[in-house]
Structure formats: structure tokens, C-alpha cells
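The values are calculated or read from the model by the stated rules, or taken from the named source; none is laboratory data. Fair warning: this is a prediction, and the values are worked out from it, not measured in the lab. Because the Cβ atoms are built from the backbone with ideal geometry, glycine has one as well, and the counts that use them run over all protein chains shown.
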Amino acid sequence: MRIVQVKTSRGVRAAVVESPIQLRLIDYPGGTYELAQAALAAGASLVEFIECHRSHELLDYHQTLDMGLLLPPVTHPDPAHCYVTGTGLTHLGSADTRSAMHAKAQLSDDELTDSMRMFNMGVEGGKPLPGKEGAQPEWFYKGDGSIVVAPESPFAVPSFAQDAGEEPELVGIYINANDGTPFRLGYAVGNEFSDHVTERANYLWLAHSKLRACSFGPELLLGELPDHLEGTSRIVRDGQTLWEKPFLTGEANMAHSLSNLEHHHFKYPQFRQPGDVHVHYFGTATLSFADGIRVQDGDRFEIELPALGRALRNPVKFTKDEAINLQHVRPL
């Protein structure tokens, strides 16, 4: 089952994707967050709860898109209680691009970069046996729910950015129960969107390069995820494909198991606060930046993972050239 969130005259609602052209509203007030809370309270799975609340009301999927009514598939009523995070160097082959970007970093251990050493840790210990703790992945923070851009909506590129590059990724979406137990709602296609020029200048600026907008969806896949997923990442300029490349994801193509990545995120008590939502990007192995592409104003990112439904599309909007507004903090 795949679901979306849409704006209606009665507020935000969730809907089941019946077909590529048709949505069926779920007969329950509120969106996916409210559905998840109700399913937890009822002791039911999200799929079971939705099956009991299908309505007879249908929506035209294309019209919903054209009217700009599509939202991210999960949102928190208070964006400050939605954490957007991610892990890198998780995919087989992902270290090559990163290592090349960081080639000027300090070399050690037989000329291995820090990136390659981190990647090797994942290959050797990222898929532990059940009940065992595996190798820690690289981890980063992107922001709270305020930085999430709806599918089809533009990424705003800040004036201080050095680059605006796509990162096609698999995303896990979670909610914490009242006792703090994390529950996975499902998976979505994601564009993690980073500043690769800033990251390449010094890998210690990775944290800065990640503090950008992001998007995921438009559809949320409920239930099990295939081990092998094949997708396509594309940049369209003036109606023509500027760049296109296939990518692989899913556990069969990763150095880490998803459960290991989840453990190393939720092991921290601050990420197990009741009611919080977590949007976690699982990493990429394909970047247009590695092929010398520089994104321009008006370009559109398109990321397809057919097993997860409709492609995620976002245009890019650069802010006008202007001096950076220096932030002066005042004493209170």
C-alpha cells in the first residue's frame, strides 16, 4: 500500500494511491500523523487501520498535482518536533565519489582517506547478526520539519550557497509511541539536496553543507521494502534532459543493514521522545556533481524509484545575488 497527503477543503487528509491517476481519501480527520497516532492507540498496524477507514471519495491524482495540493507524505503538526537526519557512505560504491571529493584531506593508513576508512568499517561490520551491534555509520543532521519541501515545489537556494546538488536516496519515516518506542511508518523516495562545493573544500564542513532544504515522497510505501531497488536520477533544463544516471539502493546494494542504521540513530534517548517524527535519509551512490554538472536556476530534479510510486520532482530557485545579511546576536 502507498499513501499520500493532500490539502482539501476540510484540511490535510491522507489518501491511498489506487492507481497512477486516482486517489482514495481515508475517512479519518487529519493526515498521516493523526492516522499513525490512532493506529498506535488502537494497537493496529497502519495498514490495518487504513483498511478500516477507506472512504468512497476519489480524487484525480493529476488534478491534485496540477493544483499544488500535494504535501509531503508525513508532516508533524509542529515542525520543531520533526527531525531530519541522514547517514552517508552506506551504499556499495558510494565511497569512490566521496573519496575523490576529499582527496586533499589528510591521508593515512596506507593512503586511505577518512571517507574510505569509514566506508570500509561499514563493509566489514555494517550488517551484524541479529541481536548484535554493527559498525557506526557516518551521521548528520539536516534540520527540522521546516526545511522539508513538498513534492513539485521548488528548492530555495540561499545566497551564501556554493552549490545546489541533488542526492537521490531512500528515506525512512518514523514516529515515536507514547513510551518512546520508535515505529517505522514506511519508506519514500528522497532528494537530500546538499552543497557539494562547500563539502569538497573541507570535509569538516560536511555539517554546513547539509543544512539545506530537502524533499521526500510524494508517496509513502507501507510494509516491507524490496532488498533490491533500481532508480533513475535526472536533471531537466529547459524541457530537455541535461543529465541522467541510474542508481541502486535497498539492502542488497548497501554496506549497512537498515536495522543497523536505525539502531545507531535511535540509540540516543533524545531521539526517542514521545510523538516526535523522524525523517532519515539512508545515503546515496550517485551524484551529478561528480560528473561536473552545475545546477542553474529553473533546473528540475527528477528522482524515480518505481517500487515506491510516482517520481519525486522539484525545481530549483536561486535567490537573487545580494550581500549576506550578517546575523548580530543581541544580549537580552
Pick from 152, 199, 166: which is farther than 27 Å from residue 124 by Cα, surrounded by 21 or more Cβ atoms within 10 Å (Cβ to Cβ) and acidic (Asp, Glu)?
-> 166
Under 7 Å between Cβ atoms, at least 6 apart or on separate chains: pull out the pairs that start in segment 131-153 with a residue that is within 12 Å of residue 83 (Cβ to Cβ) and end on any residue that is surrounded by fewer than 14 Cβ atoms within 10 Å (Cβ to Cβ).
-> 140/207; 144/80
Given segment 1-96, what helices (runs of 4 or more DSSP H) lie entirely inside it while holding 2 or more residues that are without any contact (Cβ under 8 Å) to a residue 24 or more places away in the chain and more than 23 Å from residue 181 (Cβ to Cβ)?
-> 61-66
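Okay, residues lined up against (1) in contact (Cβ under 8 Å) with a residue 24 or more places away in the chain; (2) not β-branched (Val, Ile, Thr):
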{"site": "232", "(1), (2)": "yes, no"}
{"site": "238", "(1), (2)": "yes, yes"}
{"site": "242", "(1), (2)": "yes, yes"}
{"site": "247", "(1), (2)": "yes, yes"}
{"site": "259", "(1), (2)": "no, yes"}
Looking at 231, 283, 223, which is the one that is under 14 Å from residue 171 (Cα atoms), surrounded by fewer than 19 Cβ atoms within 10 Å (Cβ to Cβ) and in contact with a helix residue (DSSP H, G or I) (Cβ under 8 Å, 6 or more places away or on another chain)?
-> 223
Please work out which one of (1) buried (at least 19 other Cβ atoms within 10 Å of the Cβ); (2) among the polar types (S, T, N, Q); (3) not assigned by TED's automatic domain parsing to the domain that holds residue 220 is the condition residue 19 fails and give its number.
-> (1)
So which residues in segment 155-214 are over 21 Å from residue 32 (Cα atoms) and small (Gly, Ala, Ser), if there are any at all?
-> 156, 159, 161, 164, 165, 194, 201, 207, 209, 213
Could you check segment 223-332 for strands (runs of 3 or more DSSP E) lying wholly inside it with 1 or more residues that are under 23 Å from residue 183 (Cα atoms)?
-> 229-237, 240-249, 277-281
